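First the structure, in the form of structure tokens, and then the observations on it.
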Amino acid sequence: MSLPDSRGHFGRYGGRFVPEALQAALNELIAAFDDAWADPQFHADLAKLQRDYAGRPTPITVAESLSQHAGNARILLKREDLNHTGAHKVNNVLGQALLTKRMGKTRVIAETGAGQHGVATATAAALLGLECRVYMGELDTQRQSVNVARMQLLGAEVYAVAAGSRTLKDAMNEAMRDWVTTVDNTHYLIGTVGGPHPFPYLVRELQRVISVEARQQMLDDHGALPDYVAACVGGGSNAIGMFYEFIGDEGVGLYGFEAGGDGIESGRHAATINAGTPGVLHGARTYLLQDEDGQTIESHSISAGLDYPGVGPEHAHLADSGRAVYEPVSDDEAMAAFKLLTQTEGIIPAIESAHAVAGALRLGRRIAEEDPQATPSILVCLSGRGDKDVDTAFSYFGLAGEPDVTVGAFE
Amino acid sequence: MSQFTDPKRLGKSGAIVARCLDEGRPALVAYFPVGYPSVDDSLEVVKAVVEGSQGRGADIVEIGIPYSDPLMDGLVIQHATTRARERGVRVSDAFRAVEAVASKGATPMVMTYWNLVEAYGVDAFARDLSAAGGAGIITPDLPPDDCPEWFEASDAHDVDRVFLIAPSSTDERIRMTMESCRGWVYASSVMGVTGVRDKTSDAAPVIVERARAADPTLPVGIGLGVSNGEQAAEIGSFADLVIVGSALVKTMGSDGRDMAGDLVKLRELSDDLAAGVERARR
């Protein structure tokens, strides 16, 4: 049976735990998406934007030098960082923005953590002539001020949310509050495979293009399917997009890497599947970080894009079923991989994506210990580029932004 | 006699509504979050809102449980519940508030986001609520067509289930939702979050009318945006329950520093609201 079912369940997860006022809008969205998804013209319009605007298909790069650090594994990178706006987020926003127009709505709202989804939404809104407001936790607006400016340049309004923990989850609450009031003319363009049905399904379908391309590229250009597929998991949209077409390939291991922050034992992390428990947050039943009363616990990660205390319900299901494996990667491991990839391959990854790279390196080394004869291939979703993370890297590595040597000055 | 007579549909809280209607007035429902300004203060508040200053106030008290992600709530309630959480309120404190309301002879209910019930244990929550004297739970984010566990627990422990309908609900959903309720149905009068509004919504009479057409055997409450006696009288002329929340929370203007003064204001508002429902149908 294909998942989700008609009420949005992935096994015991998913659903539509939202105020009644939004149920009608969700039904409208389901109908509009089903209609669009069955319409060849919609697919043609989307494919044209993906090719001529976003730059798809994205290539697969064989990371020869990086692989030297991965035991006997060969690491390949699916280059979502080469998309317009610098991350996989654009796959989703182009589809949902087209859908917004199709529903006759004139305004989109979005939540954003690091700002990547906000920038992508503002970009699609500029392209398609939609009004756009982005909600961002107040703390995140301070951490990611360049992205605030980018959204404003693109013509979007940015609202900082000072409620609660002032991060992504609170931005999502505020976007829901906006939506419940403005649903007549507004589409809530959720950025991840979370939230109430149909979002986890709809966003997955729009991100699926990653694995549709990657699977074919592996067969055409590399002679075989990969042995392992790896991706970072915050809400989990790049991971579900990367995993999806491989789920039926039993020989392909699926690995999701969650933000381990300062380490799970420290309590300061965002490793929802590894250290969370099932509950209901933002419209879906899934794993979440919560205390014994069911209050959401704030997550922590060096990567703002993974700093979320929930996870998409389909990942919760894949974890329970054992089809995918989820492991934590600490801030330090991610930053080491960030530096290694930058210096061995000349690719500055988003810190989010650096979690996937770190996980793949660890996986490769572990396999080499367990089975020295094995030479596995690991296909990593490099979900975004790291330009936005230069400030974080600056402070993490203690860089001063000063030149190494100054020459040519008067004596 | 009111039109509401089926004890199976009315449960505990709907029976109170029917009794009020038999007296010629709608029921007054007061929402207040436990733990604000502190747990002990909130126990005083829920008692005071029942008593008013003349011994006449709310018929039903909806005890809100502060939650980390209150996406249905406007700023007044968000700020109160954030403070309550900072001050250490626990889910189990709601049962103390339930007992406090019951001690004054009014009907206690709980309004809570669903995850708190699930974390407590669905059956255990219903059991402990019932043991404390609570009549039922209002669940703003629980879809009635996807919660078999809650039906089982609420039936087993004889507590009422109140779900919400909204102006955007289809007739079919209104019918399904009302069928799922026991006690009464909570109708949002506006598309939006909780909060004080200057004017009552034009959509309020429409949604009540639609609910009556869908199921005439269940009382209909109107919430969102009722803040004074005048609005209560207006809404109460057609709704069976008038629900007031943010306006009551706002009376705690000193944030606990002057409880005596704030309780005077709260009792006055309670008097005004009680007088409003009293004259609503005269």
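The values are calculated or read from the model by the stated rules, or taken from the named source; none is laboratory data. From a predicted model like this one, the values you see are computed outputs, not experimental measurements. All Cβ positions, glycine included, derive from the backbone under ideal geometry; neighbour counts span all protein chains shown. Protein only, heavy atoms only, side chains kept; ligands, DNA and RNA dropped before computing areas. Shrake-Rupley method; radii C 1.70, N 1.55, O 1.52, S 1.80 Å.
Note on B:D171 and A:E369: the model spin-label points, each 7 Å out from Cα along the C-beta direction, lie 6.7 nm apart. Looking at region B:7-277, the accessible area is 33 square angstrom per residue; that uses a 1.4 Å probe and ignores ligands, DNA and RNA. Inter-part distance, region B:227-282 to region B:150-168, computed on C-alpha centroids, equals 26 Å. Keeping the other protein chains in place, figure out the carbon and sulfur percent of the accessible area of region B:7-277, with a 1.4 Å probe. Carbon plus sulfur share of accessible area: 49 percent.
A 1.4 Å probe, protein heavy atoms only, puts the accessible area of B:K250 near 120 Å².
Counting only other chain Cβ atoms within 10 Å of each residue's Cβ, the peptide B:116-127 averages 2. Dividing the mean sequence gap of close Cα pairs (under 8 Å, 6+ apart) by how many residues chain A holds gives a relative contact order of 20 percent.
Quick one: if the Förster radius is 30 Å, what FRET efficiency do A:D291 and B:R257 give, using the C-beta to C-beta distance and rounding to 0.05?
Working: r = 29 Å, r/R0 = 0.95.
For A:D291 and B:R257, the calculated efficiency is 0.55.
Among A:40-52, A:386-398, the peptide with the highest mean count of other Cβ atoms within 10 Å heads the list, and the full ranking is A:386-398, A:40-52.
Quote the charge dipole size of the protein assembly as shown about the Cα centre in Debye, to the nearest 20; the model charges only the Cβ of Lys and Arg (+1) and of Asp and Glu (-1).
My answer is approximately 1240 debye.
Placing a label point 7 Å from the Cα of B:D22 along the Cα-to-Cβ direction, the residues of region B:199-221 with a backbone N closer than 17 Å are B:218-219.
How would region A:1-82 be classified by its alpha-carbon gyration tensor: rounded, prolate or oblate, with rounded meaning a/c under 1.5 and the a/b versus b/c comparison settling the rest? Taking the square roots of the gyration eigenvalues as a ≥ b ≥ c, region A:1-82 is oblate.
The stretch between A:A126 and A:E265, if pulled fully straight at 0.36 nm per residue, gains 45.6 nm over its current Cα-Cα span. Largest accessible area first, the listed residues A:H222, A:H197 line up as A:H222, A:H197 when surface is computed with a 1.4 Å probe on the assembled protein chains. Protection proxy ranking of A:188-194, A:18-24, by the mean of other Cβ atoms within 10 Å over each peptide's residues and highest first, is A:188-194, A:18-24. When the Cα atoms of chain A are aligned to their principal axes, the ranges along those axes come out at 63, 61, 50 Å in descending order.
Roughly what percent of Cα-Cα pairs across the protein assembly as shown reach past 45 Å? In whole percent, the share of Cα-Cα pairs in the protein assembly as shown beyond 45 Å is 25.
The magnitude of the dipole of chain A, with charges of +1 and -1 set on the Cβ of Lys/Arg and Asp/Glu and taken from the Cα centre, is near 900 debye.
Computed over the alpha carbons of chain B, Rg followed by Dmax gives 16.9, 49 Å.
Chains A and B together bury some 2800 Å² of accessible area, summed over both sides, with a 1.4 Å probe. Label sites at B:V264 and A:V407, each approximated as a point 7 angstrom past Cα along Cα to Cβ, lie 8.2 nm apart. Of all complete DSSP H helices in chain A, those with a Cα span along the helix axis of 24 Å or greater and a mean Kyte-Doolittle hydropathy of -1.0 or more are A:20-37, A:351-370. At q = 0.12, 0.15, 0.17 Å⁻¹ the log10 of I(q)/I(0) for region A:252-411 amounts to -0.59, -0.86, -1.04, computed by Debye summation with a single uniform scatterer per C-alpha, solvent ignored.
Taking every residue in A:9-22, how many Cβ atoms of other protein chains lie within 10 Å of its Cβ, on average? Present the calculation step by step, with values, prior to reporting the outcome.
Working: counts 1, 0, 0, 0, 0, 1, 4, 5, 11, 6, 13, 19, 14, 6.
Taking all residues of A:9-22 together, the mean is 6.
Please report, in debye to the nearest 20, how large the charge dipole of region B:7-277 is about its Cα centre when each Lys and Arg carries +1 at its beta carbon and each Asp and Glu carries -1 there.
Numbers: 26 positive and 40 negative charges, 70 e Å.
With only Lys, Arg, Asp and Glu charged at Cβ, the dipole is about 340 debye.
Taking a ≥ b ≥ c as the square roots of the eigenvalues of the Cα gyration tensor, an a/c ratio of 1.5 or more together with a/b larger than b/c marks region B:209-282 as prolate.
Loop only by DSSP, 10 or fewer other Cβ within 10 Å of the Cβ. Give me the GluC sites (Glu not before Pro) in region A:206-272 that pass, ordered by residue number. Intermediate values should be presented prior to the final figure.
Numbers: sites: A:E213, A:E245, A:E250, A:E258, A:E265; in loops: A:E250.
Of the GluC sites (Glu not before Pro), the ones in loops of region A:206-272 whose Cβ has at most 10 other Cβ atoms within 10 Å are A:E250.
The mean number of Cβ atoms from other chains found within 10 Å of a Cβ in peptide B:61-74 is 5, as a whole number. Taking 7 Å steps out from each Cα toward its Cβ at B:F238 and B:D145 produces label points 2.7 nm apart. Applying D = kT/(6 pi eta Rh) to region A:228-304, where Rh is the Kirkwood radius over alpha-carbon pairs, T corresponds to 4 °C and eta to 1.567 mPa s, the Stokes-Einstein value obtained is 96 µm²/s.
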